[in-house]
Amino acid sequence: LLMLIVAASFASYGQIVITEISYNPPEGGTDSLEYMEIYNASNAAINLKDYKITKGVELTFPDVSIASKAYLILSVKESAFFNNYGKSSIQWTAGALNNGGEVIAIADASGVEIVSVDLKDVPPWPGATEGTDGEGRSIELCDLTADPNNGANWKVSNKDLGFQVNG
């Protein structure tokens, strides 16, 4: 029964899951450290060539695969992300994440939306009092099978840069 519930959840919420979002990093002025992390919940690698972020920011994915049960980081500025976190990312083409919340969506190569998160900046979503909104913490989806549109399913990351950038 548990496997049936898990399978139904992945069918409902897709094989690609948005698992982490840093929408207002610890910077003053122009944000260079915004990022999001996606996860491949399927049992096979997925080639993301021509997948698109259709809401939130702009990106058409290059010819890149995400391995089964692996993560991929997308960022507003790849060089800044690498310099501060020491990890590679794929830089999105244009746009920035809205600090007050917005819909973030990814469509497959045929244009079918496969994942969407309606990010908010009000409870039950984690906020400034928990360390987000410019304080250095991102938010993470607590359970990969949970509804990503319910703010109660997100928590503040335990990871913190420990510094402010640009003042």
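Sort out which residues of the range 115-126 are buried (at least 18 other Cβ atoms within 10 Å of the Cβ) and over 14 Å from the mean Cα position of the chain (by Cα), and write them in order of number.
D121, W125, P126
So if I check each of L144, L161, L97, L74, which one is modelled with pLDDT of 95 or more and among the aliphatic types (A, V, I, L, M)? Before the answer, list the steps.
Values: L144 fails: modelled with pLDDT of 95 or more; L161 fails: modelled with pLDDT of 95 or more; L97 fails: modelled with pLDDT of 95 or more.
Step by step, each of L144, L161, L97, L74 is checked, and only L74 is modelled with pLDDT of 95 or more and among the aliphatic types (A, V, I, L, M).
With at pLDDT 95 or above, part of a loop (DSSP other than H, G, I, E, B) and over 18 Å from I114 (Cα atoms) as the only criterion, which of S88, S32, S68 stands out? Walk me through how you get there before you give the answer.
Values: S32 fails: at pLDDT 95 or above; S68 fails: over 18 Å from I114 (Cα atoms).
That would be S88, the only listed residue that is at pLDDT 95 or above, part of a loop (DSSP other than H, G, I, E, B) and over 18 Å from I114 (Cα atoms).
Among the residues in the range 15-27, are any open to solvent by 50 Å² or more (accessible area, probe 1.4 Å) and more than 15 Å from A105 (Cα to Cα)?
Within the range 15-27 (the criterion being open to solvent by 50 Å² or more (accessible area, probe 1.4 Å) and more than 15 Å from A105 (Cα to Cα)), the answer is no, since none of the residues qualifies.
Mind listing whichever residues of the range 56-70 are in contact with a strand residue (DSSP E or B) (Cβ under 6 Å, 6 or more places away or on another chain) and at positive phi?
The one that is in contact with a strand residue (DSSP E or B) (Cβ under 6 Å, 6 or more places away or on another chain) and at positive phi: G56.
Which ones in the range 116-141 are part of a loop (DSSP other than H, G, I, E, B), among the small types (G, A, S) and modelled with pLDDT of 90 or more? Outline the logic, then answer.
Initial filter on the range 116-141 (part of a loop (DSSP other than H, G, I, E, B)): 121-127, 131-138.
Okay, now just the ones that are also among the small types (G, A, S), so 127, 131, 134, 136, 138.
Across the range 116-141, the qualifying residue is only S138.
Give the range 44-72 a look and list any residue that's open to solvent by less than 50 Å² (accessible area, probe 1.4 Å) and not small (G, A, S), or say none. Steps first, please.
Applying the first criterion (open to solvent by less than 50 Å² (accessible area, probe 1.4 Å)) to the range 44-72 yields 46, 48, 51, 53, 56-57, 59, 61, 64, 66, 68, 70, 72.
I46, L48, Y51, I53, V57, L59, F61, V64, I66, L72, listed by residue number.
Working carefully through the options A80, A41, A105, find the one that is in contact with an Asp or Glu (Cβ under 7 Å, 6 or more places away or on another chain), touching a residue at least 24 places away in the same chain (Cβ under 8 Å) and open to solvent by less than 50 Å² (accessible area, probe 1.4 Å).
On the way: A80 fails: in contact with an Asp or Glu (Cβ under 7 Å, 6 or more places away or on another chain); A41 fails: in contact with an Asp or Glu (Cβ under 7 Å, 6 or more places away or on another chain).
Exactly one of A80, A41, A105 is in contact with an Asp or Glu (Cβ under 7 Å, 6 or more places away or on another chain), touching a residue at least 24 places away in the same chain (Cβ under 8 Å) and open to solvent by less than 50 Å² (accessible area, probe 1.4 Å), namely A105.
The values are calculated or read from the model by the stated rules, or taken from the named source; none is laboratory data. Nothing here was measured: the structure is a model prediction, and the numbers come from that model. Cβ: placed from backbone, ideal geometry, glycine included. Neighbour counts: every protein chain shown. When the accessible area is computed, the model is the full protein with side chains, heavy atoms only, and any ligands, DNA or RNA have been set aside. Shrake-Rupley method; radii C 1.70, N 1.55, O 1.52, S 1.80 Å.
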